[in-house]
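To start, the structure under review is shown below, and the notes come after it.
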Amino acid sequence: MKKLRVLLVDDEIMIREGFKRLFDWEAHDCEVVGEAADGMEALAQIDTLKPDLAIMDINIPIMNGLKVIQLSRIKHPDMAFVIVSGYDDFSYCREALRLKITDYILKPVNYEEFGTCIDNLKIALFQHQSSQKEVQQEERTIHGITRYLQEHLAEEVSLSVLSDEFHLSAQYISQLFKSEIGVNFLAYLTNIRMEKAKQLLMSTSLSVAEISAQSGYSDYRVFTKVFKKSEGVTPSQYRRDFLEDVKNR
């Protein structure tokens, strides 16, 4: 995992220097990339440097630390914040919890405890990034599968066929449809086949048997039965209704 990029925010230069000199950032795989002495400067540095973590005092000039965190969350939702404050105030703690900060540390800082906080944060960020990568991979996979289905709609397609094509288990593909699309594989396949059939019924003069074949049904009688269950009318009636509607417009 790359080094954690850290921004130090405190109006007291001695506090910022203490953090830089008294804590071994390298040992915790971190680097201090910037500093800020007030809330407006902190916002600007966050936008410019895009750090992974801000060590933030609450009581800073122009704009307090909690407001900085609240505004930063809008543009940088995944950024982490650790509050370091001289105030053991419940209202501050409650607001900090609402803003989902990583930790709330009281001054004077115990650097051993601070090191534990940083290490725990790195583990949490790693887990979050791993989870995001997994989600992105699943989204790419389901996109590839649905595109394959559209391109091979007239063919015999099953979970087994998809399993061979994408080198994934049929069970995993089935779970992907439920988690990413919200319906099972057969329901999705039937739906896109019906959409294809309706498009052909409205835009071509192909026979029902030909449309059946292009929609993935080798037996037009099965196709007619599935179509009527889905649309409430037979394919032929659907076409007649459509043409009648066009005529009366």
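List of remarks:
- Beta bridges per DSSP with both ends in the chain, % antiparallel, nearest 5: 0 percent
- Here the accessible area is traced with a 1.4 Å probe on the protein chains. For the chain, carbon and sulfur cover 51 percent of it.
- Euclidean distance of C-alpha centroids, the stretch 177-249 and the stretch 149-163, integer Å: 17 Å
- Given (1) 1.28; (2) 1.03; (3) 0.96, the label whose value is Rg/Rh (Cα atoms, Kirkwood Rh) derived from this model: (1)
- With all protein chains kept in place, the per residue accessible area of the chain amounts to 58 square angstrom at a probe of 1.4 angstrom.
- Computed over Cα pairs, the Kirkwood radius of the stretch 96-172 leads via Stokes-Einstein (1.306 mPa s, 10 °C) to a diffusion coefficient of 96 µm² per second.
- Of the residues Pro51, Leu159, Val6, the one whose Cα sits farthest towards the positive end of the charge dipole of the chain is Leu159 (charges of +1 on Lys and Arg Cβ, -1 on Asp and Glu Cβ, taken about the Cα centre).
- The protection proxy used here, the mean number of other Cβ atoms lying within 10 Å of each residue, ranks peptides 65-76, 136-147 as follows, highest first: 65-76, 136-147.
- Entries of Lys2/Lys67; Lys2/Lys107; Lys20/Lys122; Lys196/Lys225 with Cα pairs more than 26 Å apart: Lys2/Lys67; Lys2/Lys107
The values are calculated or read from the model by the stated rules, or taken from the named source; none is laboratory data. Given the structure is predicted, the values throughout are model-derived calculations rather than measurements. When we count neighbours, we look across all protein chains shown, and the Cβ atoms used for this are built from the backbone with ideal geometry, even at glycine. Remember, those area values only see protein heavy atoms, side chains included, never the ligands or the DNA or RNA. Shrake-Rupley method; radii C 1.70, N 1.55, O 1.52, S 1.80 Å.
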